[in-house]
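To start, the structure itself, in structure tokens.
The values are calculated or read from the model by the stated rules, or taken from the named source; none is laboratory data. This one's a predicted model, so the numbers in the text were calculated from it and none came from an experiment. Methodologically, a virtual Cβ is constructed for each residue, glycine included, from the backbone with ideal geometry; neighbour enumeration extends over all protein chains shown. The protein model used for the area step is the full one, side chains on, heavy atoms only, and it has no ligands, DNA or RNA in it. Shrake-Rupley method; radii C 1.70, N 1.55, O 1.52, S 1.80 Å.
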Amino acid sequence: MILQLGPHPSNYQLERLVTFMEQGGLIAIPTDTSYALACLPDHKAAVNKMMGLRRLDPKKPLALLFRDIRHISEYAMVDDLQFRMLRRYLPGPYCFILDSKRSLPRFIGDKRKRIGVRVPDHPLPIALIDMLNKPILVTSAIDPDTQNMANDPWTVESYFGHGVSAVVDMGDV
């Protein structure tokens, strides 16, 4: 199902997406780089479903989207040098691999040792993170058969529609 949202989604629309995620579902959302499959990091079934849809190696670290660098430090160890680098490049299209803290569920990534962290420069993921008050686990919406990146909601729907609760279309934000 493709949900069309404007550039400034209403609280009702955001709550609907949050409900999908809180019920253990996956959603496909636009980010500042491309589309991503997203779920809550503490829902093991949703994480396993995401990894199955993308055919990801369960030993590889996944990425979490955060609202800001301070939020990252709640889940990952950030020293002074890393903080300066994060501050320089985030928000933006970069993913940094950091050592994770014990606050992350053990089934994420390589047994919780490392995690990818991002602060997107897109209003939808930030609004969802703020509403959930926790990070969102994501992986790029890449077709596992062809390795083609999905950059529009219809392509995402054709690749993953059978496994996601909703695909968000925000037009060109």
- [ ] Could you list, in sequence order, all residues of region 156-173 that are part of a helix (DSSP H, G or I) and free of Cβ contacts under 8 Å to residues at least 24 places away in the same chain?
- [x] SER158, TYR159
Task: region 7-22 residues that are under 18 Å from PRO135 (Cβ atoms), paired with ones that are open to solvent by 60 Å² or more (accessible area, probe 1.4 Å) and aliphatic (A, V, I, L, M) (beta carbon under 8 Å, 6 or more apart) - done: LEU14/MET131; VAL18/MET131
TODO: Could you list, in sequence order, all residues of region 147-173 that are open to solvent by 70 Å² or more (accessible area, probe 1.4 Å), more than 16 Å from the chain's Cα centre (by Cα) and at negative phi?
DONE: ASN148, TRP154, SER158, HIS162, ASP172, VAL173
TODO: Answer yes if at least one residue in region 126-146 is assigned to a helix (DSSP H, G or I), exposed (fewer than 13 other Cβ atoms within 10 Å of the Cβ) and modelled with pLDDT of 90 or more, and no otherwise.
DONE: yes
Task: Flag for ALA76 being of a type in the set (A, V, I, L, M), touching a residue at least 40 places away in the same chain (Cβ under 8 Å) and over 24 Å from LEU17 (Cα atoms) - done: yes
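Kindly establish whether ILE115 is under 13 Å from the mean Cα position of the chain (by Cα), more than 24 Å from ASN11 (Cα to Cα) and surrounded by 17 or more Cβ atoms within 10 Å (Cβ to Cβ).
So ILE115 fits the description; yes.
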